[in-house]
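To keep things clear, I will list the structure first and then write my remarks on it.
Coordinate-derived values only; no laboratory data. All of these numbers come straight from a predicted model, not from anything done at the bench. No Cβ is skipped: glycine too gets one built from the backbone with ideal geometry, and neighbour counts run over all protein chains shown.
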Amino acid sequence: MSKSLDTIFNFTDTSDACIKCGKCIPVCTIHQINPDETTSPRGFIDLLGAYKQGNLTLDKNAKDIFESCFLCTNCVDVCPNSLATDMIIEEVRADIADKYGIAWFKRGFFFLLRNRWVMDIVMKFGYMFKTCALSEEKEKGGLRARFSLPMVKKGRLLPSLAKRSFLNSYPENTPAPIQKKQTQRVAIFIGCLANYNYTNIGDSLMEILSILNIEVFIPKKQLCCGAPAYFTGDMKSVEYLIKKNIEYFESFVEEYDAILIPEATCSAMITHDWEIFFANHTMPEWKERAIKVSQKVYMATAWLYDNTDLANILESRGKKMDAVVTYHDPCHARKVQGIWKEPRTLLAKNYPMVEMSDPNRCCGFGGVTMQTEKFYFAEAAGKPKAAMIKETQAKYVSAECSACRVQLSEAMNSAKVETVFKNPLELIAQALREGEE
Ligand code: SF4
Ligand code: SF4
């Protein structure tokens, strides 16, 4: 079930609407690893209601509690009143950021996200000097910390760095291989992790679009969708990034059938949270503009499944692979956008599929704070998921989300699970490529 915008959320209304049934508690990611009423959806709602009525001070303890939510939306999914606990937590994090400021390293990271040309330079330097502190794990597509770094313990698997970003690897316009009257035309919004770290995702999408004879536009001035800053409460960065992207998207969106995103978090942010952000911050004109551009935005596998002949092409031309695949449902795909069938159906054309015991369980990525200051929570949430993947004995675990990839790759690394993470587009392109050989 996707989140309904009718459920909006102010702290007091949400608190009043909570009937205390407790259905949300067993599915809550933080409660599963820290079983305490205060770190449960019902507890968060109670505390937020008290905060808005002036009965709770936003002290360090409250800050700590509100920063422990994974924003996984499991609670929204099961709540009889669809109460959007995650959204009110996103909003209270802005108050926390106002009161306590944002840690220097997060401010630095959000500065880079706002200024792509600086990020490009930093990533280039990172690529050149990565082996000073990190060793390459080619098979796992990651970098292992050689020694303990600030907030990164020795042995942790981090995302690899590409020599050249996806956006700098292709021309702005790639015509369809065969010119026809009815040629489909798409733009690609790549997402920061697929741009700098997991560039094979974009390469694979380009390969698939070429086989489908689709014209591609790569908008070079795209910026981060704003998700990392939104989940951290840096609303100034969010506003800047969203407005810049909307103005830019408006300049080309009418000319294309779709804007494809091979990433669940970015597409959920654009199709769902942009509108909510402007609604919450009373910017109705921008809200309408966000709705308009986001109508053309799709998660890549969902659009390819619904609008192209890819499933038939995979059936007729793709190689039947031996490697077993298990599919993990990113929270931002299944719960927020209702997408779960499309990537599975496409993958199943060429790969034997096996379901893990709970594919819908959150991987435990949780955002920038969870991956740094509160990494012990991410680690604990990742363990059961790594065990589930191991049980399937699959060669690949797949999900259309690079945040899940960061988290699950490390969870499997830490639990010594041999399964390798791939985006479904990488596996689909591989089956097509090997089918041609
Ligand atoms: S969003 Fe996830 S972690 Fe946060 S309260 Fe809801 S279920 Fe728990
Ligand atoms: S499921 Fe909804 S109504 Fe029930 S306790 Fe949780 S938040 Fe409240």
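Between the helical axis of 235-250 and the longest alpha-carbon principal axis of the chain there is an angle of about 30 degrees.
Oblate is the label for the range 173-252. Its Cα gyration tensor axes, ordered a ≥ b ≥ c, give a/c of at least 1.5 and b/c at or above a/b.
For the peptides 233-241, 169-177, the ranking by packing is 233-241, 169-177, with the highest mean count of neighbouring Cβ atoms within 10 Å listed first. Using 0.36 nm per residue and subtracting the Cα-Cα separation, the extra length available between A176 and Q295 on full extension is 40.5 nm.
Near H328, once Lys and Arg are set to +1 and Asp and Glu to -1 for all other residues with Cβ below 9 Å from its Cβ, the sum equals +1. Between C192, C225, C404, the Gaussian network model of the chain with springs among Cα atoms under 10 angstrom shows the greatest mean-square fluctuation at C192. Both radii were evaluated on the Cα set of the range 5-100; the Rg over Rh quotient, with Rh as the Kirkwood radius, amounts to 0.93. Estimated from helical segments only, the mean residue ellipticity of the chain at 222 nm is -14500 deg cm²/dmol, where each DSSP H run of four or more residues counts as -39500 (n - 2.57).
Relative contact order of the chain, taken over Cα pairs closer than 8 Å and 6 or more residues apart, is 16 percent.
Within the listed set G364, G202, G126, the Gaussian network model of the chain (springs between alpha-carbon atoms below 10 Å) gives the highest mean-square fluctuation for G126. What is the helix-to-structure angle for 200-211, meaning the angle in degrees between its Cα long axis and the longest Cα principal axis of the chain, kept from 0 to 90 and rounded to the nearest 10? That helix lies at roughly 50 degrees to the long axis. Centre-to-centre separation between the Cα atoms of the range 349-393 and those of the range 55-99: 22 Å. Here the gap between D120 and I19, fully extended at 0.36 nm per residue and compared with their Cα-Cα distance, gives a gain of 31.4 nm. Relative to the longest principal axis of the Cα atoms of the chain, the long axis of helix 85-100 makes an angle of roughly 70 degrees.
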